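Quick notes on the structure that follows.
What follows draws every value from the coordinates through simple rules; no lab data is involved. If you're wondering where the values come from, they're calculated on a predicted model, not measured in any experiment. Please note: Cβ atoms are built from the backbone with ideal geometry, for glycine as well, and neighbour counts cover all protein chains shown.
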Amino acid sequence: MQAYQTGTNAGNDAAHAPDGSGPNPLDQDAGYRRAALWRALASAALCALLMTGCSGTRQAAAPESATTTPSPGEVRVQAAVRPSEEPLTSGRPAACWTPLLGRLAADGVSGGRVDALFVQLGDAVSPDPMGRKVKELYTTKFLRPEPQPTPPGQKPKPVRPPMYPGVVTDENATKCRAFLTENARWFSLAESRYGVPREVAVSLLFVETRLGTALGKGNAFRNLAAMAAADNPDMVPGYIAALPGADGNLDWISLRMRQKSDWAYQELKALIRHADALGQDPLTMPGSIYGAVGICQFMPSNIPAYGVDGDGDGRVDLYTVGDAVFSLSNYLDKHGWQPGMRRDARYNVLKRYNNSAAYANTILALADKVAGKSAQPGKPAKPAKSAQPGKPVQPAAAKSKAQGSPAQPVRASAAVSAAQ
């Protein structure tokens, strides 16, 4: 700009000489040419300066689009790091999920990925997971039928050890032995480390998921989210209406629903974090009706405490045989399993995995058959306690059913008693 002003003033000074004489035409033409030249040079310099400034602005702005690393404990996957072929879910989560999302955000679980998961859950909370749990609790713990007395002159019928029907068979034992052969490395390594016999470990996997072939017809994320959001009887009206005498016992039902909702929330939070650590979409992870995942059916909150990277790939994926075998063996070990322990002690440890007499007896009997031993009798179930009208009874072992048997749903295990 300074060069342009100097050139212009020089021309003007030549046209107004101090002696008052008129300008020379040649000198005037030369002045005009010099002024034009200065103007051209100044315009070129200005354009170059502006182009340099624009280029610098673009270069400085580029780093702002780089993905930042989430802080510890935060679930945050931005759209920029999602696979380009994966369409992003549009829209916002429905209002019915707002309280749950707010609670998750307060615990550091938030972001676009979490919102996208809840968008896919739709605009209504399914009443089924919590409704089934309410029905189960109300029937087995509140309205437990009183035991029928033995008629006079008749001997009481002997109490047989409960077991899941159709599980302890030669055919299923053959399947277990074949599975042991195919995955001998993992069972051998886990047995040497934790002391849990491979026959027990494979029988547990058979009872849980039929050796990984029946992982549950539901989705753990959907079921846990629905249970966490359904914290009062108004959320499951159809189920409440079907319970005899429920209107007079809403206080008890409401209390249990709040307890189960809080429990489901903790499991949901653990599942989101676990799926994030694996880089998996929790909506693609099959699970039980109450949120257990993997071949060994762990509740998500148990994965950080008892999950083991058995195959050494740097992650705990319970849908792989190595990790599932090591994790279930570690769980039993941490809950008291000892090599050479008595059968009744084994029974008690197995009930820590799933608080059911039938569950523990079935695993032990199937393990005997897998090992080629004659099945030994298990422990009989404790007699049911009668309930007083309008008053809940003390919790007892729930009768869990094995997955895969006809009309028997998959059951969450690995400390499932928290959900009962």
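Okay, here's what the table says:
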item: Cβ-based net charge around L101, under 13 Å, with every Lys or Arg adding one and every Asp or Glu removing one; result: +2
item: Cα shape, region 97-231, gyration tensor, a/c 1.5 rule; result: oblate
item: Cut-off 13 Å between beta-carbons: net charge of the residues surrounding L189, Lys and Arg +1, Asp and Glu -1; result: -1
item: Links that overshoot a 31 Å alpha carbon limit, given the list K133/K269; K133/K379; K217/K260; K175/K334; K269/K369; result: K269/K369
item: Anisotropy class of region 238-353 from Cα gyration tensor, a/c 1.5 cut; result: oblate
item: Cβ-placed point charges (K, R +1; D, E -1), dipole of region 307-358 about Cα centre in debye, nearest 20; result: 500
item: Three-way shape call for region 186-257 based on the alpha-carbon gyration tensor, with the a/c threshold at 1.5; result: prolate
